[in-house]
Amino acid sequence: MAISSPKNIRKKASYCFYADLLGRKTIIMNALNSKTFTDQPQGNGDLQEPITIVTVCDNDYTLLLAALLKSIEINLKKQQRINLYVVGDGVSEKNKRKLLKSVNPAIFSLTWLNIEESIPEGAHIPLDHSTFPKTVYVRLFIPYFVDQGIDKVLYLDVDMIVVEDISKLWQIDIGDKIVAGVVDRAELIGNRWSGIANYAELNIARDTKLFNSGLIVLKPKEWREREIAAKVVKCTEENAQYAVFADQYGLNVVLANQWFELDSKWNCFATLDEKNPYIIHFIGTKPIYKSYNANEAYKEEFYKYLRLTEWRNHKPISDYYRILKKFNNKVGKKVKSFFKLEAAN
């Protein structure tokens, strides 16, 4: 499958206005017609190479994104620009503006894309048997919608907070590997709970390590050259009944034994009790819900950053809607899969 980069993902703003926020100039653009929000840092200090970060967010999780960005901002030790790409799934104009008011424009340059813009021509999202939304597959296409000249990209799930200087992660040399990540909770591909159930059929050793796709550092040029996205999509479609963890299944099959292992502190799951995590990953139930039952200290850390944003007054809510969304994700995929089979017949 040939994949080409989408065109004109950054359209010129139809209008913008300036607002004074805590003594900083914030540029707020019409996100319907404009995809990029930028401002120039003050002063003439030497700047490091910009860090390129990509994440995916829907409207309900915009407050998670706000906490993530604020945590990055607060813990960044040196003045350094961050080029942030956000693939939004139905994010409202109101929430986009709240997000912009929540972050320092001297640090972040923000580019909004929608789902359609993030998927290159000739590509598509596979149907699996998981409860994860289709947006998780967006990370496969990162090398096709970011600036084509960059050598490295950091992908972060939106349900994270960064409590260490993110530039330290950015500076890690991953050698000749295309991607870097942290070992998943399942640890090994042969894990019955969330590993690769058909590993033997795929000629992968049972004790092969499994990485969590919630945080990855990748080399976009090599990714494109080796057509990793197309291979992962093909693998997932051919083994859909085994892909219970969506894109993570295909990534670990295609890149088995070909990834660089990062310190586990860079993707510390909220179910753990690590005393000095670098990035906290709120897998499962998020701290914005009343039913959150993971590490309480991590939840307090999350709200410490959230209180510095436009969502400062948020209180945990019922997760009835979260459960309903997962149910709809599962049913929706089954319905599409059924009609796909009917069309084939």
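Contact map, the stretch 68-84: first residue part of a helix (DSSP H, G or I), second residue crowded, with 22+ Cβ neighbours inside 10 Å and of a type in the set (Asp, Glu), Cβ cut-off under 9 Å, separation 6 or more or different chains; pairs are LEU68/ASP157; LEU68/ASP159.
Quick check on my filter: what residues within the stretch 250-278 are assigned to a loop (DSSP other than H, G, I, E, B), polar (S, T, N, Q) and within 20 Å of the chain's Cα centre (by Cα)?
THR271
Among the residues of the stretch 86-101, at least one is assigned to a helix (DSSP H, G or I), at pLDDT 95 or above and in contact with a helix residue (DSSP H, G or I) (Cβ under 7 Å, 6 or more places away or on another chain). Scanning the stretch 282-309 for residues that are under 13 Å from LEU272 (Cβ atoms), in contact with a strand residue (DSSP E or B) (Cβ under 7 Å, 6 or more places away or on another chain) and either in a strand (DSSP E or B) or not hydrophobic (A, V, I, L, M, F, W, C) (or both) returns a single hit, TYR298. Among all residue pairs at least 6 apart or on different chains, which show Cβ distances below 7 Å where the first residue, located in the stretch 296-310, is touching a residue at least 12 places away in the same chain (Cβ under 8 Å) and within 17 Å of VAL103 (Cβ to Cβ) and the second is surrounded by fewer than 19 Cβ atoms within 10 Å (Cβ to Cβ) and of a type outside the set (S, T, N, Q)? Matching pairs, first to second residue: TYR305/ILE74; LEU306/ARG312; LEU306/HIS314; GLU310/LYS98; GLU310/LYS101. Sub-6 Å Cβ pairs linking a first residue in the stretch 219-234 that is over 15 Å from GLY250 (Cα atoms) and of a type in the set (Lys, Arg) to a second residue that is modelled with pLDDT of 95 or more and assigned to a helix (DSSP H, G or I), at least 6 apart or interchain, are ARG224/PRO143, ordered by first then second residue. When every residue of the stretch 259-279 is checked against the conditions, none turns out to be within 16 Å of ARG139 (Cα to Cα) and not hydrophobic (A, V, I, L, M, F, W, C). Taken over the stretch 71-115, the criterion of being within 20 Å of ILE216 (Cα to Cα) and of a type in the set (Lys, Arg) is satisfied by ARG81 alone.
For the stretch 233-262, the set of residues classified as under 19 Å from VAL183 (Cα atoms) and among the aliphatic types (A, V, I, L, M) consists of ALA243, VAL244, ALA246, LEU251, VAL253, VAL254, LEU255, ALA256, LEU262, listed by residue number.
Of everything in the stretch 112-151 that is modelled with pLDDT of 90 or more, aliphatic (A, V, I, L, M) and not in a loop (DSSP other than H, G, I, E, B), the residue that is farthest from the chain's Cα centre (by Cα) is LEU113.
For LYS221, the stated conditions do not hold, so it cannot be described as surrounded by 17 or more Cβ atoms within 10 Å (Cβ to Cβ), of a type in the set (Lys, Arg) and under 24 Å from ILE150 (Cα atoms). Close Cβ contacts (under 6 Å, 6 or more residues apart or on different chains) running from residues in the stretch 142-153 that are over 23 Å from ASP247 (Cα atoms) to residues that are surrounded by fewer than 17 Cβ atoms within 10 Å (Cβ to Cβ) and basic (Lys, Arg) are absent.
The values are calculated or read from the model by the stated rules, or taken from the named source; none is laboratory data. Keep in mind the model is a prediction, meaning the values are calculated, not measured. Positions of Cβ are generated from backbone atoms using ideal geometry, with glycine treated the same way; all protein chains shown enter the neighbour counts.
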